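Peer 1: Take this structure first; my questions come after.
The values are calculated or read from the model by the stated rules, or taken from the named source; none is laboratory data. Computed from a predicted model, the values in this text were never measured in an experiment. Here the Cβ positions follow ideal geometry from the backbone for every residue, glycine too, while neighbour counts run over all protein chains shown.
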Amino acid sequence: MMISNNDNPLLNLTPNQSVDLQKLIENKGKDFLPALEYYKTLTLQRIEEIKKNRNLDFENIIFALENSDQEIRECASCYYLLFSAECTEEIQNIAPEISAFLANLSNDIFLDEDLFKKVDYVYQNQKELLQEQKKLTEYFWKNFKRNGVLLPHIKKNRIRELDKELSKLTPKFSENILKSTNAFELHITHTSDLEGLPETLIEQGRINAEQRNKKGWVFTLQYPEYIPFMTYCKNRELRKKMYISFRSRGLEKEYNNLPIIKRILEIRYERAKLLGYQNHCEFVLEERMAKTPETVMNFLEELYQNVYTKAKEELQELQEWVANYLKEDIKIEPWDLRFYSEIYKKYLYNIDQESLRSYFPLDYVLKGMFEVAKRLYNLDFVQDHLTKTYHKDVLIYKVYEKEASIGIFYLDLFPRETKKTGAWMTTIREQGIFLNQNVRPEVGIVCNFTKPTNQKPSLLTHEEVKTLFHEFGHSLHGLLSKVNYRTLAGTNVYWDFVELPSQIMENWAKEKESLDLFARHYQTGESISEEIIQQLKKSENFQAGIHFLTQLNYAFLDMYFHMQNPDDIKDILEFEKEVTKKTRLFEEPEQVCISSSFSHIFAGGYSSGYYSYKWAEVLEADAFEYFKQEGIFNQKIAEKFKKYILEKGSTEDPMELYVQFRGRKPDTKALLRKFDLL
């Protein structure tokens, strides 16, 4: 069944000019390709008009080029939102076609020499342009160059072939992880195997079993089940089974991602070489704050030198405590780390993540999070109960700044089989001028938190609270954007800068002044005590070295993958083990692997960029020291952060923006001070 244009929500927007996402699901994904074809015709017509235009100025060339494919971008945003958050079989099946379509159209535009000549003229004659106009002109000029517009015809065709192939591989990588995750279940029939598990998890296991027409309890590899299972299950063999299953996603024969990884690496390397770069890292980092692979490797190595010994000492300390205090004669393995660390942490700080859940009912946390945004940035979030969207669990809010409408905000917080694991911010519509209107953004948060049951509301761990605030920081970056050109709006900044707004927001999930707004016991209404808050803050640095080393493990692996000639990588598993040797504290079992489910770099845009988390943490640690000095709700500092970081998008160099906010460049030692790692 084909959907007519009159019934296509991508072609017929709602009265508030949004896409009807519920209708997209009801129509089973059949709207996307017809809408994309329709908008492709419109886009190419606009491109031809630009090429014919004799007025070679910013408005007629650069701004017209930005406006040429905005509907296409919005269709793609809607598709990839559903591909990640509501990936029905129909949505999944068209992924290769969607990706190939977008790659081909991008190449049609950015390999067009006649179009580039117009762009190049404006770029070479930009003295009279305003700062933001210069940045947009530079963006498009670089995009043409970095996509190979000046290459010989044969090499251009090769770029097209590589991009087309890559466009099919990345969604397949994601699809394999999703199917691999959903294929596993741990079926428990004996109550003795539940020992140690929290009530909320046991109840979820019972519900899972009931839904599968099984007796007992079923546990999956979804984060809200996997993490607490590994943290509290006393049965070591079951922990091991869960760990190996989680760490071997994407390795099974029918979902094997290893050949896909090898081919992705080959394509990225060949593409970079065609464009005149030594490797994919060099290509990517040209457009990052770090600029070069050497800078990144030196940055990671400096952190490594500060944390490796500390991490080893922390593991040894835990090993000795288990032997001396718990009287258990075992060698700690990776499936033991969360379990024994949680017991030791509770011993040291009298802190237990599960018991803290009672103080973080989701409804309270959301109200508190919105109140934090109001106190910092004068924002109000008003729930829209009337509009339907792609799933019944999704909440919609209209966002106001001093009573002026500034955007739409979505919350999709609970796991399901059609959703990827993890947490992320998503953008459906960018802020900026389009068709003579200043279009406001639509953004959202997608997470995987424990669902409410008939007995209890959704109760979050403190880590989940921080995750929610983290993604909310990204969302504020999108919502508060105040630029003219959508390409430069919101989170469209360097990837090693984009995590600053998200990571800094986590601090408001930890300070007493903000916790007092929402941390209340769901049964008694009692506020979280000063004593618990202090213990929480002390425990923040618990095993900081181990946590740091884990992130460095990922970051080094990413860099080594993309600095190599892939021909030198004969075996993905062996290569991973070799290059992560110095950042691993454990010998992993033969059948586990990071790479096969490393979505960030093989399906999520972080290739040669996983270091960004630590890079941005330096900025965040330094920036929050500024808030702490003046007060975490200080209006003057919040206004500066909003003006120079959240509103500016990519209209200026990120380091210049940071200096305008902070008054100086970041102190690189701030991160090590924060975690007491100096």
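Peer 1: Hey, could you check the stretch 621-678 for residues that are among the basic types (K, R) and outside any loop (DSSP other than H, G, I, E, B) and say which is farthest from H477 (Cα to Cα)?
Peer 2: Per the criteria, the residue is R673.
Peer 1: Looking at the stretch 398-408, which of its residues are of a type in the set (K, R) and in contact (Cβ under 8 Å) with a residue 24 or more places away in the chain? Spell out how you get there, then give the answer.
Peer 2: Start the filter on the stretch 398-408 by keeping residues that are of a type in the set (K, R), which leaves 398, 402.
Answer for the stretch 398-408, where residues must be of a type in the set (K, R) and in contact (Cβ under 8 Å) with a residue 24 or more places away in the chain: just K402.
Peer 1: Could you tell me whether L337 is not in a helix (DSSP H, G or I) and not assigned by TED's automatic domain parsing to the domain that holds A519?
Peer 2: So L337 fails the test.
Peer 1: Quick test for you: out of A64, A35, A76, pick the one residue that is crowded, with 16+ Cβ neighbours inside 10 Å, closer than 20 Å to A603 by Cβ and among the small types (G, A, S).
Peer 2: Answer to the check: A76.
Peer 1: Find the helices (runs of 4 or more DSSP H) located wholly in the stretch 206-294 whose residues include 1 or more that are more than 30 Å from V493 (Cβ to Cβ), and list them.
Peer 2: Working: elements: 223-232, 236-247, 258-274, 280-285.
Correct list: 223-232, 236-247, 258-274.
Peer 1: Of the residues L151, L162, only one is modelled with pLDDT of 95 or more, among the aliphatic types (A, V, I, L, M) and not in a helix (DSSP H, G or I); which?
Peer 2: Values: L162 fails: not in a helix (DSSP H, G or I).
None of the others qualify; the one that does is L151.
Peer 1: Does the stretch 375-428 hold any residues that are of a type in the set (G, A, S) and touching a Leu at 6+ places or on another chain (Cβ under 7 Å), and which are they?
Peer 2: G407
Peer 1: State the number of residues belonging to the stretch 395-417 that are out of contact with any His (no Cβ under 8 Å at 6 or more places or on another chain) and among the basic types (K, R).
Peer 2: Of the residues in that region, 2 qualify.
Peer 1: Right, another one. Quick one: in the stretch 302-327, which of the residues that are within 20 Å of F586 (Cα to Cα) and exposed (fewer than 13 other Cβ atoms within 10 Å of the Cβ) is nearest to the chain's Cα centre (by Cα)?
Peer 2: Checking each candidate, the answer is Q305.
Peer 1: Right, another one. When the stretch 468-486 is examined, which residues are found to be polar (S, T, N, Q) and out of contact with any helix residue (DSSP H, G or I) (no Cβ under 8 Å at 6 or more places or on another chain)?
Peer 2: Within the stretch 468-486, S475 is the sole residue that qualifies.
Peer 1: Under 8 Å between Cβ atoms, which residue pairs at least 6 apart in sequence (or on different chains) link something in the stretch 409-427 that is of a type in the set (D, E) with a partner that is assigned to a strand (DSSP E or B) and buried (at least 20 other Cβ atoms within 10 Å of the Cβ)?
Peer 2: Within 8 Å, the pairs are D412/G444; D412/I445; D412/V446.
Peer 1: So for the stretch 138-145 (the condition being over 26 Å from I244 (Cα atoms) and surrounded by fewer than 16 Cβ atoms within 10 Å (Cβ to Cβ)), does at least one residue qualify? Give the steps one after another, and end with the answer.
Peer 2: Taking the stretch 138-145 and keeping what is over 26 Å from I244 (Cα atoms), we get 138-145.
Then keep just the ones that are surrounded by fewer than 16 Cβ atoms within 10 Å (Cβ to Cβ); that gives 138, 142.
Yes, that holds for at least one residue.
Peer 1: Kindly list the number of the only condition in (1) crowded, with 17+ Cβ neighbours inside 10 Å; (2) outside the structural domain of V498 (by TED's automatic domain parsing) that fails for K628.
Peer 2: With respect to (1) crowded, with 17+ Cβ neighbours inside 10 Å; (2) outside the structural domain of V498 (by TED's automatic domain parsing), K628 is out only on (1).
Peer 1: Going by what's in this entry, would A100 be described as of a type in the set (G, A, S), surrounded by fewer than 18 Cβ atoms within 10 Å (Cβ to Cβ) and within 20 Å of P34 (Cβ to Cβ)?
Peer 2: Yes.
Peer 1: Being modelled with pLDDT of 95 or more and either in the same structural domain as K419 (by TED's automatic domain parsing) or over 15 Å from W335 (Cβ atoms) (or both) is true for just one of I202, I244. Which residue is that?
Peer 2: Working: I244 fails: either in the same structural domain as K419 (by TED's automatic domain parsing) or over 15 Å from W335 (Cβ atoms) (or both).
Answer to the selection: I202.
Peer 1: Something else: Go through the stretch 365-397 residue by residue and tally those that are over 25 Å from L10 (Cβ atoms) and either free of Cβ contacts under 8 Å to residues at least 40 places away in the same chain or among the hydrophobic types (A, V, I, L, M, F, W, C) (or both).
Peer 2: 14
Peer 1: Scan the stretch 517-538 and tell me whether some residue there is assigned to a helix (DSSP H, G or I) and buried (at least 22 other Cβ atoms within 10 Å of the Cβ).
Peer 2: No, the stretch 517-538 contains no residue that is assigned to a helix (DSSP H, G or I) and buried (at least 22 other Cβ atoms within 10 Å of the Cβ).
Peer 1: Find the residue count for the stretch 217-226, including only residues that are at pLDDT 95 or above and over 15 Å from I207 (Cβ atoms).
Peer 2: The qualifying residues number 2.
Peer 1: If a residue must be closer than 20 Å to K582 by Cα and aliphatic (A, V, I, L, M), how many such residues does the stretch 281-317 contain?
Peer 2: Looking only at that region, the number is 7.
Peer 1: Further question: Kindly list the number of the only condition in (1) over 23 Å from M425 (Cα atoms); (2) under 31 Å from the mean Cα position of the chain (by Cα) that fails for K127.
Peer 2: Answer for K127: the failing condition is (2).
Peer 1: Right, something else. Quick check on the stretch 219-237: of everything there that is touching a Leu at 6+ places or on another chain (Cβ under 7 Å) and among the hydrophobic types (A, V, I, L, M, F, W, C), which residue is nearest to L166 (Cα to Cα)?
Peer 2: The extreme case among them is F219.
Peer 1: Could you please let me know if T189 is among the polar types (S, T, N, Q), touching a Pro at 6+ places or on another chain (Cβ under 9 Å), outside the structural domain of T450 (by TED's automatic domain parsing) and without any contact (Cβ under 8 Å) to a residue 40 or more places away in the chain?
Peer 2: Taking the combined requirement at face value, the residue does not satisfy it.
Peer 1: For the stretch 434-454, enumerate the residues that are assigned to a strand (DSSP E or B) and surrounded by fewer than 16 Cβ atoms within 10 Å (Cβ to Cβ).
Peer 2: From the stretch 434-454, those assigned to a strand (DSSP E or B) are 434, 437-439, 442-446; that's our starting set.
Once the filter is applied, which keeps residues that are assigned to a strand (DSSP E or B) and surrounded by fewer than 16 Cβ atoms within 10 Å (Cβ to Cβ), the stretch 434-454 yields Q437, N438.
Peer 1: Within the stretch 378-406, take every residue that is outside any strand (DSSP E or B) and in contact with a strand residue (DSSP E or B) (Cβ under 7 Å, 6 or more places away or on another chain) and give me the one that is surrounded by the most Cβ atoms within 10 Å (Cβ to Cβ).
Peer 2: T389
Peer 1: Under 7 Å between Cβ atoms, at least 6 apart or on separate chains: pull out the pairs that start in the stretch 335-363 with a residue that is more than 23 Å from E237 (Cα to Cα) and end on any residue that is part of a helix (DSSP H, G or I) and among the aromatic types (F, W, Y).
Peer 2: Listed pairs, sorted by first residue: none to list.
Peer 1: To continue, here is another question. Which residues, counting only those in the stretch 572-611, are part of a helix (DSSP H, G or I), among the basic types (K, R) and touching a residue at least 24 places away in the same chain (Cβ under 8 Å)?
Peer 2: Passing the criteria: only K582.
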